[in-house]
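Visitor: Dumping the structure here so I can ask a few things about it.
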Amino acid sequence: MEKKELLTEIEMRAIDHEISLVPYKKAAVIEALKIVQKQRRWISDESIDAIANYLEMSAAEVDSVATFYNLIFRKPVGKHVILLCDSISCYVMGYGRIYQALQKRLSIQFGQTTKDNLFTLLPNVCLGCCDHAPAMMIDEDLYEDVKEEQLDKILEAYK
Amino acid sequence: MEQPLTKNIKAGQTLSLKEYEQAGGYAAVRKVLKNNAPQEVQQMVKDSGLKGRGGAGFSTGIKWSFVPMGDDARHPKYLICNADEMEPGTFKDRLLLEGNPHQLIEGMILAAYAIKADISYVFLRWAYRQAAEIMERSISEAYAAGYLGKNILGTGWNLEMYLHTGVGRYICGEETALLNALEGKRATPRAKPPFPQVSGLYGKPTIVNNVETLSCLPHIINNGAVWFKSLSASEDSGTKLYGVSGKVKRPGVWELPLGTTMREIIEEYAGGMANGYRLKGVLPGGASTDFLTEEHLDIKMDYTSVAAAGSRLGTGTMIVMDDATCPVGFVHNLQHFFAQESCGWCTPCREGLPWVEKILLGLEKGKGSTEDIELLQMHTQYLGPGNTYCALAPGAMEPLQSALKYFKDDFMAHIEKHKCPYGN
Ligand code: FES
């Protein structure tokens, strides 16, 4: 028998609630991906299968949605995700310097995770605080007017 | 100077339901639901001359008028607030979402009533975590106060409101792509017609309006069309949230009469250029608008005047390019963004934008030739209006075509010197 990773009780309950708000099951797929990612930090192939099963969709369909959205992670990420804004106002205000400093401190580039699995570094489009550029988010926390000197202290809080 | 949308907003604070009501909040909903038919609300908003503040600048009243009304109209009808603010350089809706959420909710109730909607959504980008918390709380407050839910204020009209947070991608801000995202699909834009007013979310009549647009509605209803027009310093009605980012002394966002000049906004409100820098170019309304230059500083920032100067008001949030920033690098950054955010549905956009990005990178690294300039020119045609499924690629071409026009010398210097003269 093939081994299937099923959804947990918590995940199913949360997904059921989302299904109750939409006209048909499939329409809840993005919410389902969000729910599962919240529990497991990323969406594995097994998670795709489990969601597909639960919403009566094909795995390919679920994957086509999952891979479209940049905040659904189809690869494992570290304990904390750093989203550094690389859009225009932050470009003008020198996000490049922040990126270099982060690369040096964490020994990773965009798209990579530190060896200790603590941080994943990703570029992100404009974070909507361009009057306080450069800007970045770590998990759900927003940092504005980021300066290189502050990075050690900022990162320390997540260790 | 009146600042109806922001006058009650204090930096870093959120107006509670009680504070909002004390400042006259929800009076418009009380007035209209008791005394006016939905069509009358549509007429008031049409008369006010309100145009969409999300970038396209289309008349809000006229947009609504295409929604089928009457007993045989299909239900549920939907009203959606586009709070997917992701246009690079734009940070105006965040202020309204975080500062005065009930003003937005009241605006949504008014818009929903005007089209007789049954269900409403706030489509909020994921990154606005604080706004998400605030909206969630405020929507519950509005339910508890009887402004949402069943039999609102005893009128027999029902309206549900939900907060939906996205999972990224700029294209979700395009209204038909947003509908697909809400339906749990890939956010590719839809072919029009049918327009969302007739066949939108789940194929039902739907209106999508921007946060700032919706936030204007309570004030229009309370004070009338004549008053709303009088707020403006131009042909267009109302105030506008203008923003400035880049190397200016005081970057920020301010609510000012629509049609305030670019000079006044940049020099007085943003305090002028930071020490040691000169203004070289401005994107007047976000990343997908044409550059303007110093010679345009005295134009009024209204829909007509900015268009007459060869650009677009867009979101009204200006990005200032200073003289120490390389225009080629600047435009490369923009095109990298657009190439990455293309949904990949139509060929010119999916294939053209990465090509443009690559050419610009070559130029910036000093490996470009004059042929590259011609190729870029060609792309501004091929990816221009009418050749693509939605406005993303044509929008991407706006800063490129105007950069080639105004900063040609900089492009040529990269080719002649085989390197970036700005040291990139
Ligand atoms: S460009 Fe970085 S926050 Fe807007």
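Visitor: Of B:MET161, B:HIS414, B:ASN36, which is farthest on the positive side of the dipole of chain B, counting Cα position, with +1 on Lys and Arg Cβ, -1 on Asp and Glu Cβ, and the Cα centre as origin?
Guide: B:MET161
Visitor: Moving on to the next point. Just for the Cα atoms in chain B, what are the lengths along the principal axes, largest first, rounded to whole Å?
Guide: 74, 44, 36
Visitor: Let me ask something else. Across the residues of B:175-183, average count of Cβ atoms on other protein chains within 10 Å?
Guide: Partner-chain Cβ atoms within 10 Å, mean over residues of B:175-183: 2.
Visitor: At a 10 angstrom cut-off on C-beta neighbours, averaged per residue, how do the peptides B:283-293, B:157-167, A:35-45 rank from highest to lowest?
Guide: By packing density, highest mean first, the sequence is B:283-293, B:157-167, A:35-45.
Visitor: If I take the Cα coordinates of chain A and project them onto the principal axes, what are the three extents in Å, biggest first?
Guide: Here the Cα extents, ordered largest to smallest, are 53, 33, 24 Å.
Visitor: How do B:234-242, B:355-363, B:109-117 rank on mean C-beta neighbours within 10 Å, highest first?
Guide: In decreasing order of mean packing, B:234-242, B:355-363, B:109-117 become B:109-117, B:234-242, B:355-363.
Visitor: Find the Cα radius of gyration of the range B:68-161, compare it with 2.2 N^0.38 Å by division, and give the number to two decimals.
Guide: 1.14
Visitor: Calculate the dipole size of chain B relative to its Cα centre from +1 charges on Lys and Arg beta carbons and -1 charges on Asp and Glu beta carbons; express the result in debye to the nearest 20.
Guide: It comes to approximately 660 debye.
Visitor: Considering the options B:SER311, B:GLY276, B:ILE299, tell which one lies farthest towards the positive end of the dipole of the range B:239-322, charges being +1 on Lys and Arg and -1 on Asp and Glu at the Cβ, about the Cα centre.
Guide: Highest projection toward the positive end goes to B:GLY276.
Visitor: Relative contact order of the range B:239-322, please, whole-number percent, based on alpha carbon pairs below 8 angstrom and at least 6 residues apart.
Guide: Computed over the range B:239-322, the figure is 36 percent.
Visitor: Calculate how large, on average over all directions, the projected area of the Cα convex hull of the protein assembly as shown is; give the answer in nm² to one decimal.
Guide: 27.2
Visitor: What FRET efficiency, computed as 1/(1 + (r/R0)^6) with R0 = 25 Å and r the Cβ-Cβ distance, is obtained for A:SER107 and B:TRP355, rounded to the nearest 0.05?
Guide: Rounded to the nearest 0.05, the efficiency is 0.15.
Visitor: If R₀ is 41 angstrom, what is the calculated FRET efficiency for the pair B:ASP118 and A:ALA157, using the beta carbon separation as r and rounding to 0.05?
Guide: Approximately 0.35, to the nearest 0.05.
Visitor: Within 10 Å of each Cβ in A:25-36, how many Cβ atoms from other chains are there, averaged over the peptide?
Guide: Other-chain Cβ atoms within 10 Å of each residue's Cβ, averaged: 3.
Visitor: Note down the Stokes-Einstein diffusion coefficient of the range B:327-417 in µm²/s, whole number, using a Kirkwood radius over alpha carbon pairs, 10 °C, and 1.306 mPa s.
Guide: 124
Visitor: With labels modelled as points extended 7 Å from the Cα through the Cβ direction, what inter-label distance (nm, one decimal) is found for B:PHE58 paired with A:GLU140?
Guide: Modelled inter-label distance: 3.5 nm.
Visitor: Dipole magnitude of the range A:80-156 about its Cα centre, charges +1 at Lys/Arg Cβ and -1 at Asp/Glu Cβ only, in debye to the nearest 20?
Guide: It works out to roughly 360 debye.
Visitor: Same structure, new question: Which number do you get for Rg(Cα) / (2.2 N^0.38 Å) in the range B:1-128?
Guide: Rounded to two decimals, the normalised Rg is 1.11.
Visitor: Which pairs, out of B:LYS247/B:LYS408; B:LYS116/B:LYS300; B:LYS18/B:LYS247; A:LYS147/B:LYS280; B:LYS247/B:LYS358; A:LYS26/B:LYS192, put more than 31 Å between their alpha-carbon atoms?
Guide: B:LYS116/B:LYS300; B:LYS18/B:LYS247, as the Cα separations exceed 31 Å there.
Visitor: When ranked by the protection proxy of mean other Cβ atoms within 10 Å per residue, highest first, what sequence do the peptides B:398-405, A:15-22 form?
Guide: Ranked from most to least packed, the peptides come out as B:398-405, A:15-22.
Visitor: Pull out the extension gain between B:LYS408 and B:ASP323, defined as 0.36 nm times the separation in residues minus the alpha carbon to alpha carbon distance; nm, one decimal.
Guide: Between B:LYS408 and B:ASP323, full extension yields an extra 29.2 nm.
Visitor: Here's another thing I want to ask about it. First select every other residue whose beta carbon is under 11 angstrom from the beta carbon of B:TYR277; then total the charges, Lys and Arg +1, Asp and Glu -1.
Guide: Around B:TYR277, the surrounding residues sum to +2.
Visitor: Please list, in chain and number order, the residues 5+ apart from B:THR317 or on another chain whose amide H is under 5 Å from its amide H, with Hs placed from the backbone.
Guide: The answer is B:GLY243, B:GLY286.
Visitor: While we're here: In terms of the Cα gyration tensor, with a ≥ b ≥ c the square roots of its eigenvalues, is the range B:210-277 rounded because a/c is under 1.5, prolate because a/b exceeds b/c, or oblate?
Guide: Prolate, since a/c reaches 1.5 and a/b exceeds b/c.
Visitor: Next question, about the same structure. Counting other C-beta atoms within 10 Å, and keeping those with at most 12, which DSSP coil trypsin sites (Lys or Arg not before Pro) do you find in the range B:35-110?
Guide: Counting only loop positions with at most 12 other Cβ atoms within 10 Å, the trypsin sites (Lys or Arg not before Pro) in the range B:35-110 are B:ARG74.
Visitor: Then there's this: Write down the radius of gyration of the range B:159-303 and its Dmax, each obtained from C-alpha positions, in Å.
Guide: 18.8, 55
Visitor: Sequence-distant or interchain residues sharing an amide H contact under 5 Å with B:TYR121, placed H: which?
Guide: B:LEU79, B:ILE80, B:CYS81, B:TYR162
Visitor: What does the charge add up to near B:LYS408, with Lys and Arg as +1, Asp and Glu as -1, over the other residues with Cβ less than 14 Å from its Cβ?
Guide: For residues surrounding B:LYS408, the net value is -3.
Visitor: Moving to a separate point now. Treating only the Cβ of Lys, Arg, Asp and Glu as charged (+1, +1, -1, -1), what charge dipole size does the protein assembly as shown show about its Cα centre? Round to the nearest 20 debye.
Guide: About 340 debye.
Visitor: Across every pair of different alpha-carbon atoms, what Kirkwood hydrodynamic radius in Å does the range B:297-355 reach?
Guide: Final number for the Kirkwood radius of the range B:297-355 is 13.8 Å.
Visitor: Report the net charge of residues surrounding B:LEU360, where surrounding means a beta-carbon distance below 13 angstrom and charges are Lys +1, Arg +1, Asp -1, Glu -1.
Guide: Summing Lys and Arg as +1 and Asp and Glu as -1 gives -1.
Visitor: At most 11 other Cβ atoms within 10 Å and a DSSP loop assignment: could you name the trypsin sites (Lys or Arg not before Pro) in the range A:60-136 that fit?
Guide: Here the trypsin sites (Lys or Arg not before Pro) that fit, given the DSSP loop and packing criteria, are A:LYS115.
Visitor: So, one more: Per residue of B:277-288, how many C-beta atoms from partner chains lie within 10 Å of its own C-beta, taken as a mean?
Guide: Neighbouring Cβ atoms belonging to other protein chains average 1 per residue here.
Visitor: GluC sites (Glu not before Pro) within the range A:49-153: which are DSSP loop residues with at most 16 other Cβ atoms inside 10 Å?
Guide: Passing both the DSSP loop test and the Cβ count: A:GLU56, A:GLU140, A:GLU144.
Visitor: With the radius of gyration and the Kirkwood radius both derived from the Cα set of the range B:152-198, what is their ratio Rg to Rh?
Guide: That ratio is 1.13, to two decimals.
Visitor: For a quick check: sort B:ASP410, A:ASP131, A:ASP49 by the number of other beta carbons within 10 angstrom, fewest at the front.
Guide: A:ASP49, B:ASP410, A:ASP131
Visitor: What FRET efficiency, computed as 1/(1 + (r/R0)^6) with R0 = 35 Å and r the Cβ-Cβ distance, is obtained for B:ALA23 and B:PHE195, rounded to the nearest 0.05?
Guide: It comes to 0.45.
Visitor: Another question, if that's okay. Zone of A:THR8 (label point 7 Å along Cα→Cβ, backbone N under 11 Å): which residues in the range A:25-53?
Guide: A:36-41, by backbone N distance to the label point.
The numbers here are math on the coordinates, done by the rules we state, and not lab data. Keep in mind that what you see is a predicted model, and the values were worked out from it rather than measured. Backbone-built Cβ (ideal geometry, glycine too); neighbour counts: all protein chains shown.
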